[in-house]
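Notes to accompany the following structure.
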Amino acid sequence: MPRRYRALDPERVIETIGLLRHRIAERFPGAGLAEVCAELLLLAGESSARAERIASRNLPLRIAIFSLIAAGVGGLAWIAALLLQSVSATADNLYSVLQGIEAAANLTVLIGATVFFLTRIEERLKRRSALSALHELRSIVHVIDMHQLTKDPSTIIMVGGKTASSPARTLTRFELTRYLDYCSEMLSLASKVAVVFAQEFPEPTVTEAVSDIERIAAGLAQKIWQKIMILETLGPEEEKAVGSRQ
C-alpha cells in the first residue's frame, strides 16, 4: 500500500474544506455558516504553512546557539587552564587545590545548564507557535457549535407556540438535516487540521492539545448527530407540519 496513506496530506484537507465551503454556499446562499467555513479554510492554509515551518530546521537559530555554546566551551577551557596554572603554582597548599577543583566544578555545572537551556530554545519556540495555532482551532470549533445551537429539531415535534424571543426557523426537515451535517463535517475537518501539528511536531504537550481538540469536536459532533437522528424519525405528516410551523 502506498505510504501516502499513512499520514494526513494537508493539501487534501484544505481541498476538502474548500469543497465543503462551496457546498454550504450553494445550499444556503448568504448563510453565516459558509463564512465560518471560509474562515476555517483560511485557518487551515495558515496552519499547514505554520506546521511545515515548525517541522523544518531553524538554521539561523541553530547557528547562533552553536556559536554561543562554542564560545562558552572556549571560555570554560580558558578558565580551566588558568585554574590549572594556579593549582600548579600552589600545589603545596591543599586548600588552594580544593578551591580550584570546586570552582571548576561550579563552572562546569553552570556551562552545562546553559547548554541545556540553549539547545531547548528551538523546541520551546516551536511548541509555543503550535499551541497558539491550536488555540485558534479550538476557538473556531466552538464558533461552529454556536451556529448549530438554535437548530433544535425538538421544536418540530413539540406542541407549543413560539415566544417573542424564539429564533427564526425557516428550514425544512431536509435543509435542517443538511445544515447539521455540514456542521458535523466542519468539526471533523477542524480536528484534522489540528492533527497536522501533531503529525509534523509530535511533542507531548502539542499532542495532548490536539487530542483535547479532537475530544471536544467529537463530543459536539455527537450532539449534532443526536439532532439528526431525531429528524430522521419524523414521518411525512410531521414534515408537512414543519413547513406550516416555520
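No value in this document is a laboratory result; all are computed from the given coordinates. Keep in mind that this is a model prediction, so the values were computed, not measured. So basically every Cβ, Gly included, is an ideal-geometry build from the backbone, and we count neighbours across all protein chains shown.
What does the charge count near Arg21 come to, summing +1 for each Lys or Arg and -1 for each Asp or Glu among other residues with Cβ under 12 Å from its Cβ? Every neighbour counted, the sum reads -3.
Among the trypsin sites (Lys or Arg not before Pro) in segment 1-65, those placed in a DSSP loop whose Cβ has at most 14 other Cβ atoms within 10 Å are Arg57.
Between Ala218 and Arg124, residue separation times 0.36 nm minus the direct Cα-Cα distance comes to 30.9 nm. Electrostatic bookkeeping for Arg138 treats Lys and Arg as +1 and Asp and Glu as -1; over the other residues with beta carbon under 12 Å from its beta carbon, the sum is -3.
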